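K.L.:
Just dropping this structure here.
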Amino acid sequence: MTDKLIIFDTTLRDGEQSPGASMTKEEKVRIAKALERLRVDVIEAGFPIASVGDFEAVQAVARVIKDSTVCGLARALDKDIERAGEALKEANSARIHTFIATSPIHMKMKLRMEPDQVVEQAIKAVKKARQFTDNVEFSPEDAGRSELDFLCRVVEAAISAGARTINIPDTVGYNIPHYFGELIRQLRERIPNSDQAIFSVHCHNDLGLAVGNSLAAVLNGARQVECTINGLGERAGNAALEEIVMAVKTRKDIFPCSLDHLDTTQILNCSRLVSSITGFPVQPNKAIVGANAFAHESGIHQDGVLKSRETYEIMRAEDVGWTANRMVMGKHSGRNAFRTRLKELGIEFAAEAQLNEAFARFKELADKKHEIFDDDLQALVTEANLEAENESIQLIALKVCSETGEVPHASISIRMDGVEHSAVADGGGPVDAAFKALEVMVNSGSQLLLYSVNNITTGTDAQGEVTVRLQKDGRIVNGQGADTDIVIASAKAYINALNKILSKVQRAHPQTGNV
Ligand code: KIV
Ligand code: ZN
């Protein structure tokens, strides 16, 4: 019998630690539902002690998710573990993931603790977490740079204390597949009680090896992989879920474990949703979920694929959701069809009024755009949620003049804290002029780090999805906006970012911050 490979998704926790990728409670719930449809085993929903918002988001995910286990992260501290236990109280199946650093550099420079103290704290934390649930995961942070003997000692102690999953993180993405696989093998062989826990890995992508390292670990006995949709995560990100899953499924001949429990046709939907909510675009040549992943440009390839698909294709596009996503709606589609399609995409509204509002937006869009695809619907709902949250600043009207030989000009009206304001500005282009006019009114003092436009679907009537990244006082936020008019989409994205940067929400970082 082949073992099952446990897929632990940490898009909502480690993914959210990417600068600017923070998500609201509603957004986390939407992504969690999409992950549940993909049937991932564990959803790490956040770090509950980071802020009230994080606590409530984990709690909300724990309330709605029934089939996947919901996990909360906690440092090896009583207050973190109690907060995680509280947030997960209503989960059908809950896991607490507690961690403490074990590498010499982290223990000395970050924790300022002796190795013996680290072992003691790890034991105490696992025992404390067991008071809330039997399902406790322990991670020796920076295991990838820890000394093997010490790692064996901590892990053995954590298992004796009651940890049922031992996660080995390559926190700084320092490892190389052959050696990382060997590390997992050594740990399993040398730790006397290793058979009482499932070994897991959590690899960062600093050297572009997160997926390779994770797969090497699986070949050496790891039976849980921690990963994120689109490889989102700190710095260069985590191992991409879609790549891990499709590698293991495609090379059944090599991997001694199965992923038959997953519904891989949901992969693309998850990818699009995460990209649209975070504003992190997916590069066209990204494996599995990039626009070109299954496109055949060269004549030789096309000819081969037409004669026999397997000549150049190792996976079927439809198995990861490519064809399912082409469902088209138009201006003649009725409310029921709209509601049904949204439901299939995992989007449900608490109140009928919200559905009516979304349907009105859909009709407005259908007047401008002939065919509406699933991605348009996702963007439409993201947009509606953004507006509902944009309490402070809202766009009322925008007019731009762009003419050859003339200086581009924008005039813009907004509502800020209930009061209407208008301003005009010139700029290098219409978008620049619109942003300058907004700054005349808001005077945020923030720095623009990134401006990017992506078309959501194809065609010149496609909606443009704009991401704006702003930085102020060390804080980085992303704003998104979508519209068939990209100047309007840009203004919406800038306003969304301004609302985030002006909000006072402060959150702690699990690995560096002090609560
Ligand atoms: O990268 C890391 O070490 C982590 C831990 C909290 C598991 O994210
Ligand atoms: Zn991590």
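The values are calculated or read from the model by the stated rules, or taken from the named source; none is laboratory data. Everything numeric in this text was worked out from a predicted model, so none of it was measured. Glycine also receives a Cβ, built like all others from the backbone with ideal geometry; neighbour counts cover every protein chain displayed. Areas reflect the complete protein model, heavy atoms only, side chains present, ligands, DNA and RNA absent. Shrake-Rupley method; radii C 1.70, N 1.55, O 1.52, S 1.80 Å.
K.L.:
Quick one: if you stick a label point 7 Å off each Cα along the C-beta vector at GLN117 and GLU406, how many nm between them?
P.N.:
It is 6.9 nm.
K.L.:
Using the Cβ atoms and a cut-off under 12 Å, what net charge is assigned to the surroundings of ASP260, where Lys and Arg are +1 and Asp and Glu are -1?
P.N.:
Values: positive: LYS4, ARG39, LYS249, LYS252; negative: ASP3, ASP263.
Neighbourhood net charge equals +2.
K.L.:
Between segment 220-237 and segment 260-285, how far is it from one alpha carbon centroid to the other, in angstrom?
P.N.:
Distance between centres, Cα-based: 14 Å.
K.L.:
Would you mind counting up the charge near TYR174? Only other residues with Cβ under 11 Å from its Cβ, with Lys and Arg at +1 and Asp and Glu at -1. Walk me through the numbers on the way to the answer.
P.N.:
Details: positive: ARG145; negative: ASP142, ASP170, ASP206.
Combined, the nearby Lys, Arg, Asp and Glu give -2.
K.L.:
Please work out the FRET efficiency for the pair ARG335 and ASP78, using the Cβ-Cβ distance as r and a Förster radius of 56 Å; give the result to the nearest 0.05. Walk me through the numbers on the way to the answer.
P.N.:
Working: r = 51 Å, r/R0 = 0.92.
My answer for the efficiency is 0.65.
K.L.:
If you don't mind, there's one more thing I want to ask. Anything over 26 Å Cα to Cα? Flag those among LYS363/LYS399; LYS399/LYS500; LYS28/LYS79; LYS28/LYS286; LYS33/LYS369; LYS25/LYS472, in the order listed.
P.N.:
Details: LYS363/LYS399 23 Å; LYS399/LYS500 24 Å; LYS28/LYS79 24 Å; LYS28/LYS286 24 Å; LYS33/LYS369 28 Å; LYS25/LYS472 23 Å.
The pairs that break the limit, which is 26 Å between Cα atoms, are LYS33/LYS369.
K.L.:
In a shell of Cβ-Cβ distance under 14 Å around GLY20, excluding GLY20 itself, what net charge do Lys and Arg (+1) and Asp and Glu (-1) give?
P.N.:
Details: positive: ARG235, ARG469, LYS472, ARG475, LYS500, ARG507; negative: GLU16, GLU27, GLU234.
Residues near GLY20 contribute +3 overall.
K.L.:
For segment 3-278, what relative contact order do you get, as a whole percent, if you take Cα pairs closer than 8 Å and at least 6 residues apart? Display every interim value, and only then the final one.
P.N.:
Numbers: 634 pairs, mean separation 55.1, N = 276.
Relative contact order of segment 3-278: 20 percent.
K.L.:
Rounded to the nearest 500 deg cm²/dmol, what is the calculated helix-only ellipticity per residue at 222 nm for the chain, with -39500 (n - 2.57) per DSSP H run of length n ≥ 4? Write out the running numbers ahead of the final one.
P.N.:
On the way: 15 runs with 195 residues, N = 515.
The helix-only estimate for the chain comes to -12000 deg cm²/dmol at 222 nm.
K.L.:
Of ALA433, TYR494, PRO115, whose Cα points farthest to the positive end of the dipole of the chain (charges on the beta-carbon: +1 Lys, Arg; -1 Asp, Glu; origin at the Cα centre)?
P.N.:
The one lying farthest along the dipole's positive direction is PRO115.
K.L.:
How much area per residue is accessible in segment 391-502 when the probe is 1.4 Å and only protein heavy atoms are counted (Å²)?
P.N.:
Normalised by residue count, the accessible surface of segment 391-502 is 47 Å².
K.L.:
Here is a follow-up. If each Cα of segment 25-76 is one equal point scatterer, what is log10 of I(q)/I(0) from the Debye formula at q = 0.17, 0.21 Å⁻¹?
P.N.:
So the normalised log intensities are -0.44, -0.65.
K.L.:
Run the dipole for segment 1-135 about the Cα centre, Lys and Arg Cβ at +1, Asp and Glu Cβ at -1, nothing else charged, and hand back the magnitude in debye, nearest 20.
P.N.:
Details: 22 positive and 21 negative charges, 12 e Å.
It comes to approximately 60 debye.
K.L.:
From the Cα gyration tensor of segment 173-271, with a ≥ b ≥ c the square roots of its eigenvalues, which class applies: rounded if a/c is under 1.5, or else prolate if a/b is larger than b/c, or else oblate?
P.N.:
The shape class here is oblate.
K.L.:
Ignoring solvent entirely, what values of log10 I(q)/I(0) come out of the Debye formula for segment 391-502 at 0.10, 0.16, 0.24 Å⁻¹ when each Cα is a single scatterer?
P.N.:
The Debye formula, applied to the Cα set alone, gives -0.27, -0.69, -1.38.
K.L.:
Please report the relative contact order for the chain, taking Cα pairs under 8 Å with a sequence separation of at least 6, and give it as a percent rounded to a whole number. Please list the in-between numbers first.
P.N.:
Numbers: 1065 pairs, mean separation 58.6, N = 515.
Value for the chain: 11 percent.
K.L.:
What is the Cα radius of gyration of the chain over 2.2 N^0.38 Å, N being its residue count?
P.N.:
That works out to 1.02 for the chain.
K.L.:
Let me ask you something else. Carbon and sulfur: what percent of segment 67-153's accessible surface (1.4 Å probe)? Walk me through the numbers before you get to the answer.
P.N.:
Numbers: 1770 of 3820 Å².
Ligands and nucleic acids excluded, carbon and sulfur reach 46 percent.
K.L.:
For q = 0.14, 0.17, 0.23, 0.25 Å⁻¹, what log10 I(q)/I(0) does segment 39-115 give under the Debye formula with an equal point scatterer on each alpha carbon and no solvent?
P.N.:
With no solvent term, the Cα-only Debye profile gives -0.47, -0.63, -0.91, -1.00.
K.L.:
Can you report the principal axis dimensions of segment 335-386 using only the alpha carbons, biggest first, rounded to whole angstrom?
P.N.:
The Cα atoms of segment 335-386 stretch 28, 21, 19 Å along the principal axes, largest first.
K.L.:
Hull surface divided by four, with the convex hull built on the Cα atoms of segment 3-278: how many nm²?
P.N.:
On the way: hull surface 50.1 nm².
Quarter of the Cα hull surface area: 12.5 nm².
K.L.:
If the reach is capped at under 13 angstrom between alpha carbons, list the aspartates and glutamates near LYS4, excluding any in the same chain fewer than eight residues apart.
P.N.:
ASP41, ASP260
K.L.:
If you place +1 on the Cβ of every Lys and Arg and -1 on the Cβ of every Asp and Glu, how big does the dipole about the Cα centre of segment 391-502 come out, in debye to the nearest 20?
P.N.:
Details: 8 positive and 13 negative charges, 78 e Å.
The dipole magnitude comes to about 380 debye.
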